[in-house]
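Taking it in order: structure first as structure tokens, then the write-up.
The values are calculated or read from the model by the stated rules, or taken from the named source; none is laboratory data. Note that the structure is predicted; figures quoted are calculated from it, not measured. Virtual Cβ from ideal backbone geometry, glycine too; neighbours counted across all protein chains shown. Surface areas here come from the heavy atoms of the whole protein model, side chains and all, with no ligands, DNA or RNA. Shrake-Rupley method; radii C 1.70, N 1.55, O 1.52, S 1.80 Å.
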Amino acid sequence: MSTTDRSESPSAVSSSAQRAPSRLRLAVLDRDPGFMQVLSKRLDALGCEYRPLAAPMSADGLVAMRLNALVIDLAILGPTGWGYLEQVCARLPGLAVIVCTGPSSVAQRVRGLRLGADAWITKPCHPEELICVIEAAVRRHRRAEMPTIESAQSFGEVMIRPDLYQAYVNDVSLELTAREFEILHLLTGSDR
């Protein structure tokens, strides 16, 4: 990720989450260096956390990154792009997915949106427009699917926040992979 502080305490997270939306965390699957340079500068200026991806990542890998959003240029995926888009949208319904690609037909845009993409933006586009679309999609997902802030559960010194896919010990974030978090969540019985 591009930003430094990844370990906020749960109390800081809960109070900031009630005042303002949390920091935007996204991955951008795109190989256009000019586009990425302009977008990166704007994301840095806004304090967003982002990760450029040159190749598709598995759904488990995306979960491990704890993303709010994924921006995909379908053109770089070729014929496998539609299957990848459908798989990501189906397996990760809480992830905002925005297709940002070159000129396309109405049929392609409709297909992408029906497969589960939250938005479709045609390149060239202004980075500010893309960021606003990402933020809007993330807001919709948070309202519809994110558990409430009260979902934190304590087990001795361990606090688990399923809504953030995070675990803390003494207010220090544990940097767990998706699989490690799922095992901890299962072992503590916090899903009951």
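With a Förster radius of 41 Å applied to the beta-carbon distance between W82 and T188, the computed FRET efficiency rounds to 0.55.
At 1.4 Å probe size, with every protein chain present, just tell me what the per residue accessible area of the stretch 47-137 comes to in Å².
I get 43 Å² per residue for this part.
The H on the amide N of L174, modeled in the peptide plane, is under 5 Å from the matching H of A167, Y168, V169, each at least 5 residues off or on a different chain.
Maximal additional length on extending the E175-D44 stretch stands at 44.9 nm, based on 0.36 nm per residue less the C-alpha distance.
Heavy atoms only, probe 1.4 Å: what % of the accessible area of the stretch 62-131 goes to carbon and sulfur, would you let me know? Walk me through the numbers on the way to the answer.
Numbers: 1760 of 3050 Å².
Within the stretch 62-131, the accessible surface is 58 percent carbon and sulfur.
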